[in-house]
1. Does at least one position in segment 458-481 carry a residue that is among the hydrophobic types (A, V, I, L, M, F, W, C) and open to solvent by 60 Å² or more (accessible area, probe 1.4 Å)?
2. Looking at (1) farther than 30 Å from residue 422 by Cα; (2) out of contact with any helix residue (DSSP H, G or I) (no Cβ under 6 Å at 6 or more places or on another chain); (3) polar (S, T, N, Q), which is the one condition that is false for residue 530?
3. Residue 113: at pLDDT 90 or above, touching a strand residue (DSSP E or B) at 6+ places or on another chain (Cβ under 8 Å), closer than 21 Å to residue 43 by Cα and among the aliphatic types (A, V, I, L, M), yes or no?
4. Would you mind listing the strands (runs of 3 or more DSSP E) fully within segment 107-166 where at least 2 residues are not hydroxyl-bearing (Ser, Thr, Tyr)?
5. Scan segment 365-412 residue by residue and report those that are small (Gly, Ala, Ser) and free of Cβ contacts under 8 Å to residues at least 60 places away in the same chain.
6. Among 405, 390, 400, which is closer than 19 Å to residue 425 by Cα, open to solvent by 50 Å² or more (accessible area, probe 1.4 Å) and under 25 Å from the mean Cα position of the chain (by Cα)?
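The values are calculated or read from the model by the stated rules, or taken from the named source; none is laboratory data. What you see is a predicted model; the values in this text were computed from it and never measured. With ideal geometry, Cβ positions are generated from the backbone for all residues, glycine too; neighbour counts draw on all protein chains shown. Ligands, DNA and RNA are excluded from the accessible area calculation, which covers all protein heavy atoms including side chains. Shrake-Rupley method; radii C 1.70, N 1.55, O 1.52, S 1.80 Å.
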Amino acid sequence: MAGEVAAAEVTGVKDLSSAEAAAEEEKLRLLREAVHALPVNAVKDLWSIGACVRCIFRLFGLHELMCSHPSLSISKWCDILEDVMRKKDGEFNEQSHQERSRETNFCKICLGILQFLYYDDTGTLLKKYSADDFAVVISELVKQQYQQIDSFSLEVSLPSAVTENDQAVWLYMKNKHRHELWFQEKAECQFISTKDILKLLVINPLQRLLGVKSTQSSFRVRLTYSHSDALTRDDAQEGNGGNKRRKTDKAGFTGDLKTTGESVTLHVESFDSHIVDGDGLTKVCPKEAQDLSCNNLMAQLDKVGKPCSLTIHCCRSSTYIGGRYLKYSRNVSQTRWVIDDERMGEASVEEIIGGAILPIFQGDNYKFHAAGREDIDVRMLGTGRPFLVEIQNARQVPSEVLIKEIEKKINNLESQYVWVKNLRAVGCQGWDLMREGEAEKQKQYAALVWISRPVSDEDLQTISSLKELKVAQKTPIRVLHRRSPLEREKIIHWMQVERVSGSSQYLLLHLCTQAGTYIKEFVHGDFGRTQPSIGSILGCRTEILQLDVTDVKMDCFQEE
């Protein structure tokens with residue numbers, strides 16, 4: 001019985017292999033049929049001007065067949081093209097052998113991009129023989145830097161010289177073959193751009209190697225091709241107002257590139273408008289030479305004499321960790337504070353929390369955001385203040401285990417300046433949680449206050465009886481150097497007062513206020529710039545000695 005099962009399994013494997021072989025053979029048959037339909041004279045022209053075999057297939061609209069064989073090397077493509085063309089034209093064989101040496105150099109149209117011929121970051125010239133081989137290079141880089149991804153988008157940036165070459169070749173083909181039937185049929189669909197063909201060639205192998213789909217994703221793989229000759233020309237055009245640089249984000253990604261979907265939306269090139277408008281190709285070829293001859297075309301293609309340099313860069317969109325922090329020290333600022341190169345305070349909440357999060361997530365950098373701020377000498381107690389840490393290009397994906405590790409790491413620090421709670425990973429909606437109700441939020445405080453005379457029972461009753469008290473506050477003197485001189489109306493919702501045992505001139509003031517109220521100024525009056533104040537209400541001099549924030553009433557990052 002076991003032998004029968006084993007035999008069945010072996011038979012199944014053989015049948016599967018046979019089915020795969022048959023499918024591959026069918027693809028090659030369709031490919032040969034498509035190549036057989038190509039015009040020999042046009043193929044000769046393209047090969048003679050230095051086009052690689054993938055550019056030839058691209059220019060004739062055979063991108064689907066080409067992309068269905070990612071494992072085929074460029075030499076195999078040449079063999080198929082030569083074999084079919086030789087059967088149609090005996091003279092093709094001799095010419096193809098003379099021109100085939102061009103494949104060992106680089107394509108003058110795509111600048112070696114579709115040959116997977118490029119200089120790496122060290123300046124070493126590399127050549128990958130198939131789309132599969134090239135995808136392996138990308139996937140190994142991704143796996144080396146990022147342990148977890150759930151999808152990816154592929155972005156490609158090419159020198160303008162590639163588009164200019166496409167324009168020149170298209171115009172050459174149009175002027176030479178426009179009266180031929182095959183061109184009239186192909187002209188309706190025209191040909192696919194180098195950028196889109198590169199994406200089509202690479203995406204499927206890359207999906208297979210990474211084990212995830214290509215879709216709109218927070219994780220981006222960017223292939224940036226550059227060329228010293230092309231850069232010089234681009235800079236010259238920019239100086240003449242020809243091109244404008246695209247705005248890039250901090251990771252170096254252009255802001256106007258769209259993420260790649262699971263299926264690539266092809267961009268069909270059409271260069272007639274460039275010719276009519278005097279843009280693009282007319283910069284390469286004057287209007288009087290729009291019947292582009294082979295000599296003019298070669299002059300354009302010979303402007304760049306070597307392959308491009310390739311930089312592969314991976315970047316993940318920002319990861320957000322939200323929660324609440326408590327600050328127990330009166331010598332710790334919320335963010336790093338330096339005046340005249342001198343550090344203020346012992347540490348900062350930003351550095352303590354961000355410094356613990358960044359190495360765990362292996363990000364490039366971080367940004368700290370909080371719902372308001374307290375002064376360096378003010379403690380943050382009670383339920384804590386909501387905060388958000390933005391980790392840029394994190395290599396690690398947030399998980400419950402990592403979040404617990406971060407919380408434990410911060411809360412077990414020897415200094416015990418800062419404590420965090422309710423940590424969680426949030427998407428960019430964390431911003432909405434932080435902003436929601438921020439202007440309307442209420443804050444509660446506890447302030448130790450000194451007054452210039454003994455505290456009476458009437459004082460306690462007077463202060464405690466005030467509800468929804470409107471206060472007009474001009475910008476405090478202590479912050480006038482960095483804030484606009486405005487007058488703001490704020491509300492003191494309620495106040496409660498306690499005597500301090502052992503002293504008749506001290507009191508503990510508890511109050512709930514509208515967000516943005518200057519509490520210190522509300523106590524001492526700021527030389528009359530805050531009206532009314534505790535001092536004006538009691539009719540005596542008052543000073544604030546210590547202040548704590550005891551609650552920030554916001555819904556975000558509460559206990560679940």
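1. Taking segment 458-481 and keeping what is among the hydrophobic types (A, V, I, L, M, F, W, C), we get 460, 463, 466, 469, 471-472, 477, 479-480.
With open to solvent by 60 Å² or more (accessible area, probe 1.4 Å) added as a condition, the list becomes 477, 480.
There is at least one residue in segment 458-481 that is among the hydrophobic types (A, V, I, L, M, F, W, C) and open to solvent by 60 Å² or more (accessible area, probe 1.4 Å).
2. (2)
3. On the way: at pLDDT 90 or above: yes; touching a strand residue (DSSP E or B) at 6+ places or on another chain (Cβ under 8 Å): yes; closer than 21 Å to residue 43 by Cα: yes; among the aliphatic types (A, V, I, L, M): yes.
Yes, satisfied.
4. On the way: elements: 117-119, 125-127, 151-157.
Per the criteria, 125-127, 151-157.
5. Keep residues of segment 365-412 that are small (Gly, Ala, Ser), which gives 370-372, 382, 384, 394, 399.
Residues satisfying the conditions are 370, 399.
6. Working: 405 fails: under 25 Å from the mean Cα position of the chain (by Cα); 390 fails: open to solvent by 50 Å² or more (accessible area, probe 1.4 Å).
Only one candidate qualifies: 400.
Residue by residue, here is whether (1) surrounded by 18 or more Cβ atoms within 10 Å (Cβ to Cβ); (2) closer than 17 Å to residue 303 by Cα; (3) at pLDDT below 85 holds:
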| residue | (1), (2), (3) |
| --- | --- |
| 163 | yes, yes, no |
| 181 | no, no, yes |
| 184 | no, no, yes |
| 188 | no, no, yes |
| 194 | yes, no, no |
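Residue-wise test of (1) over 30 Å from residue 398 (Cα atoms); (2) at pLDDT 90 or above; (3) touching a His at 6+ places or on another chain (Cβ under 8 Å); (4) outside any strand (DSSP E or B).
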{"residue": "204", "(1), (2), (3), (4)": "no, yes, no, yes"}
{"residue": "209", "(1), (2), (3), (4)": "no, yes, no, yes"}
{"residue": "229", "(1), (2), (3), (4)": "yes, no, no, yes"}
{"residue": "234", "(1), (2), (3), (4)": "yes, no, no, yes"}
{"residue": "238", "(1), (2), (3), (4)": "yes, no, no, yes"}
{"residue": "243", "(1), (2), (3), (4)": "yes, no, no, yes"}
{"residue": "259", "(1), (2), (3), (4)": "no, no, no, yes"}
{"residue": "262", "(1), (2), (3), (4)": "no, no, no, yes"}
